[in-house]
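Right, I'll just put the structure down here and ask away after.
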Amino acid sequence: MDSETENILEIVAQKGYRRTAARLAIIAALVDSDGHITADDLADKVRQQAPLVGRMTVYRTLDLLCELGVVRPIFQGTGAAHYILMADGSHHHLICTRCHGVIEFEECSATTLMEQLAEKFNFHVFSHLLELHGLCESCHE
Ligand SMILES: [Zn+2]
Ligand SMILES: [Zn+2]
């Protein structure tokens, strides 16, 4: 099993949720697609591997994973939410408002800002999602 799948299953188990075959299949499919997938597309993908897992189970599991903070919905302006993985604590996107393209970046200089905000509001930060909206290189020419 993929280590990220294992990591997410571990978080789910720590919160007292059982490690069911359905949850395993759903999480594995989500990690396999590296997130950025709609609930419907994920349900289709799960169905190929585990035909007995119903669509509602996929929706409910996504809700649970959102509640646990390991997954988060984002809106790219194309209708349905895409679910992204947050288990490693951060996620960064540049989102083009014209072509709806998403550029991923790893390096994050928001750490100082986060520390200042955590201090100011006495807030415990678990994760962050940084989203910048604008026009990509091919759209602003
Ligand atoms: Zn664009
Ligand atoms: Zn992303």
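Determine, yes or no, whether residue 132 is in a helix (DSSP H, G or I) and either free of Cβ contacts under 8 Å to residues at least 40 places away in the same chain or exposed (fewer than 11 other Cβ atoms within 10 Å of the Cβ) (or both).
no
When segment 69-96 is examined, which residues are found to be without any contact (Cβ under 8 Å) to a residue 40 or more places away in the chain and of a type in the set (Ser, Thr, Tyr)?
The answer is 78, and nothing else.
Something else about it: Return the residues of segment 110-124 that are under 17 Å from residue 90 (Cα atoms), surrounded by fewer than 11 Cβ atoms within 10 Å (Cβ to Cβ) and hydrophobic (A, V, I, L, M, F, W, C); say none if nothing qualifies.
123
Return the residue satisfying two criteria in turn: it lies in segment 86-109 and is surrounded by 13 or more Cβ atoms within 10 Å (Cβ to Cβ) and aliphatic (A, V, I, L, M), and of such residues it is nearest to the chain's Cα centre (by Cα).
86
For residue 26, which of the numbered conditions (1) buried (at least 16 other Cβ atoms within 10 Å of the Cβ); (2) within 16 Å of ligand 1 (Cβ to nearest atom) fails to hold?
Among (1) buried (at least 16 other Cβ atoms within 10 Å of the Cβ); (2) within 16 Å of ligand 1 (Cβ to nearest atom), the lone unmet condition for residue 26 is (2).
Give just the number: which of (1) within 12 Å of ligand 1 (Cβ to nearest atom); (2) of a type in the set (Gly, Ala, Ser); (3) touching a strand residue (DSSP E or B) at 6+ places or on another chain (Cβ under 8 Å) does residue 138 not satisfy?
Here residue 138 meets the rest and fails (3).
Given the conditions (1) assigned to a helix (DSSP H, G or I); (2) modelled with pLDDT of 95 or more; (3) under 27 Å from residue 12 (Cα atoms), and given that residue 120 satisfies all but one, which numbered condition is not satisfied?
(3)
Among the numbered criteria (1) within 16 Å of ligand 2 (Cβ to nearest atom); (2) surrounded by 13 or more Cβ atoms within 10 Å (Cβ to Cβ); (3) under 17 Å from residue 81 (Cα atoms), which single criterion is violated by residue 127?
Failed condition: (3).
Just give me the residues in segment 67-85 being within 21 Å of residue 21 (Cβ to Cβ) and in contact with a strand residue (DSSP E or B) (Cβ under 9 Å, 6 or more places away or on another chain), in sequence order.
The answer is 70, 71, 83, 85.
The values are calculated or read from the model by the stated rules, or taken from the named source; none is laboratory data. Predicted model, so just to flag it, every value in this text is computed and none were measured. Every residue, glycine as well, gets a Cβ built from its backbone with ideal geometry; the counts of neighbours run over all protein chains shown.
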